[in-house]
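Below is one structure, written out as structure tokens; comments come after it.
The values are calculated or read from the model by the stated rules, or taken from the named source; none is laboratory data. Keep in mind it's a predicted model, so treat the numbers as computed, not measured. A quick note on method: Cβ atoms are made from the backbone with ideal geometry, for glycine too, and the neighbour counts reach across all protein chains shown.
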């Protein structure tokens, strides 16, 4: 028995941003229905500045587990912030089907989730600002552009901002202009509060993508309480997301938060008025990874000779 191994290049080539958005949408809906199963991710701290994460899920005839890292200071060492693997299995008999690069998969589904939340909750279709131009920030920007929105970019590294803006066809912006856009996606290491009390404007939507683990934050608790809060999943976000600090303080309870899947399923309302401030708190769900991994695998099985899969190797598991 052999399995294909998909490098980052193959994952990106196999799934365009628009297809990733639709796959992630289906994963949110299936999870909200209870058809796809997913325990909360498990964190293994690696002091002083990193962690490992194990993320399993089952759905759509497949099961997957992602073993992935987050070391925000790695770029200073010439290393990626996120790395790891995703193992995809057949849920009916347990056979291992494929191995995929976790960094590329994470970037695709992060971009998809940020944009899906914005399309679901934002008041209009004006420009979107992306804060942070790392791998995942670029993926978010690329996805917004693929969905027809103009994009403003800001990063602490002005040279990187200019370089990525030129590469993608986006606009490099000043920090205050980016944070003040009608639609904002923050994709940072989560070490700095970007939205202090009183900073969000009526009608603004923010997809908070960076505070995906304990101790991270991109928004002040007091500012979070001014907004309509939507999460990717309550159980995971209440422990590891931006809302975790508000939950610990007793400021937010389960009934005060809506899950994105419930809105997509039609079981909860989306934006309720043009002036409502909406915030999406993303911690990253294993069902999103599963959806994109399955898309890559099914594409390979249906068209193994397609250009996207040029150079894919297969490992013989019986050797």
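The table below lists the values:
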{"quantity": "Options 82, 86, 68: the member that is assigned to a strand (DSSP E or B) and over 26 Å from residue 33 (Cα atoms)", "calculated": "68"}
{"quantity": "So residue 98, is it crowded, with 20+ Cβ neighbours inside 10 Å, in a helix (DSSP H, G or I) and at pLDDT 95 or above", "calculated": "no"}
{"quantity": "Test: residue in the range 101-109 that is in the same structural domain as residue 23 (by TED's automatic domain parsing) and assigned to a strand (DSSP E or B)", "calculated": "yes"}
{"quantity": "Selection from the range 123-138 of residues that are buried (at least 24 other Cβ atoms within 10 Å of the Cβ) and either outside the structural domain of residue 205 (by TED's automatic domain parsing) or assigned to a loop (DSSP other than H, G, I, E, B) (or both)", "calculated": "132, 133"}
{"quantity": "Verdict on residue 190 being in contact with a helix residue (DSSP H, G or I) (Cβ under 7 Å, 6 or more places away or on another chain), modelled with pLDDT under 95 and part of a loop (DSSP other than H, G, I, E, B)", "calculated": "no"}
{"quantity": "Criterion violated by residue 112 - all others in (1) closer than 17 Å to residue 21 by Cα; (2) part of a loop (DSSP other than H, G, I, E, B); (3) out of contact with any strand residue (DSSP E or B) (no Cβ under 9 Å at 6 or more places or on another chain) satisfied", "calculated": "(2)"}
{"quantity": "Residues located in the range 15-38, provided they are under 16 Å from residue 233 (Cβ atoms) and in contact (Cβ under 8 Å) with a residue 60 or more places away in the chain", "calculated": "24, 25, 26, 27, 28, 29, 30, 31, 32, 33, 36, 38"}
{"quantity": "Sole residue being in contact (Cβ under 8 Å) with a residue 60 or more places away in the chain, under 18 Å from residue 127 (Cβ atoms) and not assigned by TED's automatic domain parsing to the domain that holds residue 47, chosen from 184, 206", "calculated": "206"}
{"quantity": "Flag if residue 284 is without any contact (Cβ under 8 Å) to a residue 40 or more places away in the chain and closer than 21 Å to residue 132 by Cβ", "calculated": "no"}
